[in-house]
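Worksheet: one structure, shown below.
The values are calculated or read from the model by the stated rules, or taken from the named source; none is laboratory data. This structure is a prediction, so every number in the text was calculated from the model and none was measured. Glycine gets a Cβ as well: all are built from the backbone with ideal geometry, and neighbour counts include every protein chain shown. Areas reflect the complete protein model, heavy atoms only, side chains present, ligands, DNA and RNA absent. Shrake-Rupley method; radii C 1.70, N 1.55, O 1.52, S 1.80 Å.
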Amino acid sequence: MTTETVFTNAKIVTADAVIEGTVTLEDGVIKDIERGNSQLPSAVDLEGDYLVPGLIEVHTDNLEGHVCPRPGVVWPMLPALFTHDSVLAAAGITTVFDALRIGDRSSDIAMEETVNAAIEGIEQAQDHGLLRSEHYIHLRCELATENVVDCFNNIKDAPSLKLVSLMDHTPGQRQFVDLEQFKIYYGGKYKMSDAELESFIDSQLEEHFKYADKNRQALSEICSAQSIPMASHDDATEDHVEEAVSLGITISEFPTTLEAARAACERGMATVAGAPNVVRGRSHSGNVSASELASQGLLNSLSSDYAPISLLHGAFVLHWRVGLPLPDALAIVTKNPARMVELNDRGEIAPGLRADLVRVSDHQDMPVVRCVWREGVRVV
């Protein structure tokens, strides 16, 4: 039996225009877009609100905060997952790549055990239709650690694994060229004393020289063999970008300088920056402004990173403050990331694509999510 839904009196944001009109859905797929209002009694009146595509989140650490809400506290995985999922959906995110870390020595929870539990929980909950958003795994691999390749080999065949990033958070380079910023971040996050920080920095430098290069090569070869899209992380120089391209990496995640972002775009890589950077107007670690990247045409996608609500807000800020046309600003959180991770069935309001949709009101220069539909089913 065919199920049809009609939304009318909406400002519909398509890939290239904002249309005041009507969208018809059929069995979870967008069937038609028309200008003007429908006279059908059953049509849902959106009262002039925006109707935008469901947001695509390629890198969020939000689950981690629910699994470990306090130092030394590990929450049961399914309750943590359900809370995380509800937060994402309420932010208009209908497809999410949950960023899970392996090879991170600084955490106070057993990362590999937690990652395995998260993958199992996500796949089981999804199979039973318990999640509002559609979830995939983005595995973040810290290269400067001894066991990261072994950990990856234990996870690489998970059906939900669809994206891998190769990271090196060694102090003095990439994200943390400024050692003072490194000390502020890690000293605050993990409550380290000055002496503990100095010891931590020394051990990170030692492990970087031991492991980073060989692990980068090994992991890129495994991902290439399994056709898993790869992202570099915190590219700061043209050399970083060239290294990534040589390994078959197609995404430059959080380039820290204009130089690196420009080089990535020139080499055909997609760039990702932080939506919190856009909303706040600056990077939390002193790196390049994401709004500046956007103004120079060097930004393909945003990630909410640690603040899911920032994804939609960031797109509207790029429209309001940077001057991007609204379809272009929203493409940075919908169409572009969808294509970047090879999801070609979503990310736009267009006939034949999935009916992943978000109703958005504009309240005092703040976009407010009113309703969310995934494949035509209301989830918020």
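The order of Glu375, Glu20, Glu112 by accessible area, most exposed first and with a 1.4 Å probe, is Glu20, Glu375, Glu112. Counting only DSSP beta bridges whose two residues both lie in the chain, roughly 45 percent are antiparallel.
The angle separating the long axis of helix 111-127 from the principal Cα axis of greatest extent in the chain is about 20 degrees. Full extension of the chain between Glu146 and Glu242 gives 32.1 nm of extra length, using 0.36 nm per residue less the Cα-Cα distance.
The packing ranking, built from the mean of other Cβ atoms within 10 Å per residue, places the peptides 21-34, 81-94 in the order 81-94, 21-34, highest first. Centre-to-centre, using Cα atoms only, region 248-272 and region 35-108 are separated by 26 Å.
The modelled label-to-label distance for the pair Glu120/Met366, using points 7 Å beyond Cα in the direction of Cβ, is 4.1 nm. Taking 29 Å as the limit for the C-alpha separation, the pairs Lys156/Lys214; Lys11/Lys335; Lys210/Lys335 exceed it in the case of Lys210/Lys335. Between Ser38 and Asn9, the built amide H atoms are under 5 Å apart, and every one of these is 5 or more places off in sequence or on another chain. Each principal axis of region 1-151 carries a Cα extent, and these read 63, 31, 28 Å when sorted largest first.
From the square roots a ≥ b ≥ c of the eigenvalues of the alpha-carbon gyration tensor of region 227-380, which class results: rounded (a/c under 1.5), prolate (a/b over b/c), or oblate? The shape class here is oblate. Note on the chain: with charges restricted to the Cβ of Lys and Arg (+1) and Asp and Glu (-1), its dipole about the Cα centre is near 800 debye.
Between helix 194-225 and the chain there is an angle of about 60 degrees, using the helix long axis and the longest principal axis of the Cα atoms.
At q = 0.11, 0.25 Å⁻¹, what log₁₀ I(q)/I(0) does region 302-380 have when each alpha carbon counts as one equal point scatterer in the Debye sum? Cα-only, vacuum Debye calculation for region 302-380: -0.29, -1.40.
When the square roots of the Cα gyration tensor eigenvalues are ordered a ≥ b ≥ c, the ratio a/c for region 4-45 is 1.5 or more and a/b does not exceed b/c, which makes its shape oblate. In the context of the full set of protein chains, residues of the chain present 42 Å² of accessible surface per residue (probe radius 1.4 Å, heavy atoms only).
For the chain, the longest principal axis of the C-alpha atoms and the axis of helix 77-90 are separated by about 50°.
Legend: calculated FRET efficiency, Leu205 to Ile33, from the Cβ-Cβ distance at R0 = 45 Å, rounded to 0.05, equals 0.20. The average projected area of the chain, computed from the convex hull of its Cα atoms over all directions, is 18.6 nm². Expressed as a whole percent, the accessible surface of the chain that belongs to carbon and sulfur atoms is 48, based on a 1.4 Å probe.
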